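The values are calculated or read from the model by the stated rules, or taken from the named source; none is laboratory data. This structure is a prediction, so every number in the text was calculated from the model and none was measured. Cβ sites come from the backbone with ideal geometry, for glycine too, and all protein chains shown count toward neighbours.
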Amino acid sequence: MKEPRGVLCIPPTKMKYKNNKQENYKNILCPICKSDSIKKDGKRKTQNRGLIQRYKCKKCNHRFIIDDGFYRMRNNPQKITCALDLFYNGVSTRKVQQHFKAFLPHNSSNVSIYNWVVKYSKMISKFTDKLKINSGTEVQVDEMEYKTRGKKSWFIDSIDTETRFMVASEFTKTREKKEIQEVLVKVKYKTEGYVTTITTDGYRAYDNLVSKTFGWSNKKQRYNVIHNKVTQLKGEGFNIFIERLHNSIRERTKIFRGFHGSIESANSIMKGYEIFYNFIRKHQAINKCPYELATDLKLNSENKWLELIRLSTF
Ligand SMILES: [Zn+2]
């Protein structure tokens with residue numbers, strides 16, 4: 001039987017996020033002298049986000065507020081996370097902008113909305129990339145081709161066949177050994193001790209790379225994982241889980257119409273999709289979000305985007 005594995009990156013006390021930040025202000029450190037001797041020091045009025053608690057360090061007298069992920073943003077967290085949710089549910093940034101213009105104060109351009117998607121996807125993925133997962137024994141890895149203004153790019157992704165958790169992904173210009181290894185290294189980190197089989201298609205870049213990345217076990221006198229190469233030529237069929245994942249991704253990314261920004265922002269947008277796939281949307285086959293099966297993380301609020309942003313700012 002598998003032992004449940006803890007989320008390694010966050011101390012248990014910080015796991016349960018409280019909406020009221022002041023309840024755990026005793027854990028706050030002064031950003032200047034790192035002292036934990038902190039007191040509340042009135043509130044600062046902000047234009048669009050209401051009153052924000054201000055703190056003062058008793059040692060060095062430095063006054064500060066806590067960056068809850070929305071520091072210096074001109075729009076409130078509800079509006080921003082609403083934009084993220086609409087975007088990953090398939091609404092274009094232009095349509096989100098039109099919707100907001102009709103119903104909310106302060107017009108935001110579609111470029112702002114695009115920038116929020118990039119910024120917060122990147123922010124949350126710094127947190128979610130560190131989560132160890134209780135995976136099954138098989139992870140499937142594959143790549144999808146994208147075209148931006150006639151130029152090819154690739155989305156390299158991987159899925160745990162048991163929990164349907166998208167384990168790791170990268171949006172890259174090429175799909176050489178270097179790029180694929182980046183994804184494999186993340187898969188190894190997140191699933192270590194659980195995964196025993198890596199399934200790929202017959203693409204040559206995987207040759208030797210899988211065994212090399214996961215390494216040799218002296219104790220067992222064999223490689224840590226079996227590289228299961230499935231080629232359609234041999235009539236062995238498709239890697240069904242990753243194929244289905246690709247269908248979902250294609251469906252959602254139709255609206256992206258080629259990533260107009262840099263490869264980095266395209267990568268961030270796809271990170272956001274990974275977050276949406278693992279944490280936000282319910283997976284039909286398991287009737288849960290994959291994270292509920294794959295991690296020990298508990299998200300308690302309705303607005304999971306906001307909760308993930310808060311978690312990633314601790
Ligand atoms: Zn201080």
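Tabulated data
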read-out: Set 69, 50: member being surrounded by 14 or more Cβ atoms within 10 Å (Cβ to Cβ), more than 8 Å from the ligand (Cβ to nearest atom) and under 28 Å from residue 81 (Cβ atoms); value: 69
read-out: Among the candidates 179, 145, residue that is surrounded by fewer than 20 Cβ atoms within 10 Å (Cβ to Cβ) and assigned to a helix (DSSP H, G or I); value: 179
read-out: Where a residue in segment 118-135 is closer than 17 Å to residue 292 by Cβ and its partner, wherever it lies, is part of a loop (DSSP other than H, G, I, E, B) and among the basic types (Lys, Arg), with Cβ under 7 Å and at least six apart; value: 132/5; 134/2; 134/5
read-out: Within segment 220-314, helices (runs of 4 or more DSSP H) holding 2 or more residues that are at pLDDT below 95; value: 240-253, 263-275, 304-313
